[in-house]
Structures are given as structure tokens and as C-alpha cells.
Amino acid sequence: MPEPFTPVTDVDLRLVRYFLAVAEHRHFGRAAAALRVGQPSLSRQIRRLETQVGARLLDRTTRGTRLTEAGEVFRDQAEVLLRSAERAVVSARSAGRPGGITVGYTADLVVTPALRPLRRRHPQARVRTLHLGSDDPAAALLRGRADAVVARLPFGTDHLDVTPLYDEPRVLVTSVDHRLAGRESVTLDDIADEALPRMPDEAWNAFWRIDPRPDGTRAPDGPLVEAIEDKIELVAGNETVAIAPAGVCRFGLRPGLTAVPLSGVAPGHVVLATRAGERGRLVVSFRELALRHLTGC
């Protein structure tokens with residue numbers, strides 16, 4: 001039985017992380033391996049947490065481990081607790097180094113027009129850039145790798161401030177010998193039967209596959225790919241087509257590919273994202289300059 005209740009302020013966040021690992025794996029052995037700690041030690045730490053919380057959180061079964069009713073309740077709040085603690089640390093570290101800023105950006109987006117005046121305005125500041133994968137903007141901000149990110153929606157925006165910069169048309173990317181290559185424009189009706197590659201992120205699929213379509217029909221399923229480069233290879237091999245932002249054409253498509261304007265669909269959105277409530281002078285200054293200079297032209 002858990003010992004008498006201990007004040008909430010004494011709950012150890014490391015033990016909360018251990019608990020969440022067991023809750024995810026539903027098995028002490030697998031959780032211990034993932035955490036790189038011994039299983040007996042992990043069991044002792046979970047018992048310490050139960051003492052601190054004042055309730056049993058986990059029950060062992062013949063098949064592994066299950067959450068108690070209290071454990072189910074605690075898990076949801078524990079995830080919020082750890083994320084809040086992480087954001088607090090990141091914000092404090094950022095405030096503790098006011099002389100620098102790291103600006104992240106994703107593929108085919110240019111931040112130079114805003115960085116040049118930022119460096120002139122703050123000549124003593126350390127201004128760095130960081131290229132990010134399309135799925136990295138929120139993680140880069142919330143984990144402190146970047147202080148501001150210029151990226152295309154959709155991506156997770158919880159706990160972020162998002163400032164729209166400009167809209168960007170969408171195009172259809174095909175191989176040069178595809179039946180639609182060379183047209184002045186295409187519509188969704190023209191690609192109604194074209195299977196489009198899928199990515200693991202459902203929000204990405206909904207927007208970049210336009211799935212479902214305006215009439216409620218689903219976009220034909222193409223192959224599941226993990227990386228943009230794999231998608232491009234499939235398109236170049238004339239195995240599929242893909243919807244992409246017009247900005248991919250800015251630096252030229254790889255040989256064997258062409259882009260056709262996609263009409264009748266809403267544009268994409270390029271935004272500036274920062275951590276919610278971020279008021280550092282360099283972040284505020286970069287936001288002002290980004291709105292003025294990052295126009296997509």
C-alpha cells in the first residue's frame with residue numbers, strides 16, 4: 001500500500017518520466033530497457049512516485065503492466081506536467097542568453113532578407129540559422145533548438161505563437177513525360193484518379209494530398225514514404241504525382257521533373273512561429289523584420 005500522502009510539490013519529475021515510460025510500454029522490462037536503467041531500480045522508483053502521489057498507479061499482470069484508474073488520470077496530467085516543465089526550462093535558458101537568436105527554416109524558404117537587417121540592427125548579437133525538416137518546427141522551438149521558425153503550415157502549433165507571412169500557390173509536380181506535364185494548369189478533376197504519396201503525418205496528408213476532396217471523396221492512396229526525397233524519387237520515376245508549394249520551383253526542380261499550376265485550390269501558408277509569450281528583444285525584432293521583408297516575392 002502507498003504510504004501517507006506527500007505534498008505535491010515534492011513530486012520528482014524524473015520519476016514522472018519513468019512512470020510515463022512504463023505507461024507507454026505496459027511492461028517494466030521494456031520500459032527499463034528504453035530508459036537504460038535496471039528493472040529492480042525502476043520498480044523502486046515507481047513505488048517512490050506512488051508514495052509521493054498517494055495512490056497506486058500501476059498493477060502488474062501476467063501479461064505485463066496495466067494502469068489503475070488513478071494511473072489513467074495521472075498519466076494525462078503527467079504528460080502536461082512534463083511538457084510544461086520542459087517549456088519553462090527552454091524559456092529560462094532563452095532569457096538567460098539574450099545576446100543571441102537561432103532562426104530555423106524549412107525547405108525552399110529564404111530568411112536572408114530578414115536576417116541581414118537584423119544583423120545590422122543588432123551588430124553584437126549572435127544570429128544563427130538552422131535548417132529543419134518539414135516535421136521539425138514545433139519540436140525545434142519547444143526543445144530550444146530554435147527561437148523563431150519560418151515554415152509552411154500545417155504543423156503542430158500548441159504552445160506557439162504563429163504569425164502569417166504570406167500565401168503560396170500550390171502546384172502539381174510530375175515527371176517530364178507524365179500525361180499532364182506541360183499544361184498551363186490542372187484542376188483536382190484532372191488528378192481525380194492519380195494516387196498521391198502519403199506521409200506518416202495525417203495533417204500533412206490532409207493538406208498536401210487535399211484529402212478529402214471538396215466533394216467529400218478521398219484522394220487515391222499512393223505509397224507511404226518517410227522522407228520528402230523518397231516522394232520526389234517516385235514522382236521522377238513516373239510512378240506518382242505530388243502536390244507541392246510553388247516555392248519548390250524557386251531554386252529549380254531536379255532533372256526529370258516539372259511543375260504545373262494547380263488551380264481551384266486554396267494556397268498554402270508560410271508563417272513565423274515562436275514559443276508562446278516569447279518577448280525577447282531579438283525575437284520581437286526578427287518578427288517585425290520578417291513581416292516586412294519575407295513576402296515570398
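Test of understanding: given the chain, find the longest segment containing no chymotrypsin sites (Phe, Trp or Tyr not before Pro) that are in a DSSP loop and have at most 12 other Cβ atoms within 10 Å.
Answer - 6-250.
Here's how it looks for R209: its modeled amide H is under 5 Å from none belonging to a residue 5 or more places away or on a different chain. Taking all Cα pairs closer than 8 Å and separated by 6 or more residues, the relative contact order of the chain comes to 21 percent. If I fit a long axis through the Cα atoms of helix 69-96 and take the longest principal axis of the Cα atoms of the chain, what angle between them do I get, 0 to 90°, rounded to 10? The helix 69-96 is inclined about 70 degrees to the chain. Note on the chain: with a GNM built from Cα contacts shorter than 10 Å, the maximum mean-square fluctuation among R26, R179, R36 falls on R36.
Note on N238 and A266: with the Förster distance fixed at 25 Å, the Cβ-Cβ geometry gives a FRET efficiency of about 0.35.
Legend: P(r) of the stretch 215-287 from all alpha carbon pair distances, 5 Å bins from 0, whole percents, reading 3, 10, 17, 16, 16, 12, 10, 9, 6, 2.
Taking 0.36 nm per residue of separation and subtracting the current Cα-Cα distance, fully stretching the chain between D76 and D158 would add 27.9 nm.
Note on the stretch 8-92: Cα-only Rg and Dmax are 12.7, 45 Å. Here r is the Cβ-Cβ distance between R83 and A33 and R0 is 25 Å; the resulting FRET efficiency, rounded to 0.05, is 0.55.
Here is the list for the stretch 167-210: GluC sites (Glu not before Pro) lying in DSSP coil, each with at most 13 other C-beta atoms within 10 angstrom of its C-beta, are E184. Around D161, which amide H atoms from residues at least 5 apart in sequence, or from another chain, sit under 5 Å from its own amide H, with H modelled in the peptide plane? So D161 has HN proximity to T274, R275, A276, G277. GNM on the chain, alpha-carbon springs under 10 angstrom: the most fluctuating residue among G252, G104, G237 is G252. Against the main long axis of the alpha-carbon atoms of the chain, helix 39-53 sits at an angle near 80°.
To test your reading of the geometry: what angle, between 0 and 90 degrees and rounded to tens, separates the Cα axis of helix 112-121 from the longest principal axis of the chain? For 112-121 against the chain, the angle is about 60 degrees. Its Cα gyration tensor gives the chain an equivalent ellipsoid. The semi-axes, each the square root of 5 times an eigenvalue, are 43, 29, 15 Å from largest down. The length gained by stretching the chain between A206 and E226 to full extension, at 0.36 nm per residue less their Cα-Cα distance, is 5.6 nm.
We did not get these values from a lab; they are worked out from the coordinates using the rules stated. Every value quoted in this text rests on a predicted model; they were computed, and no experiment measured them. Counting neighbours? That spans all protein chains shown, and the Cβs are built from the backbone with ideal geometry, glycine included.
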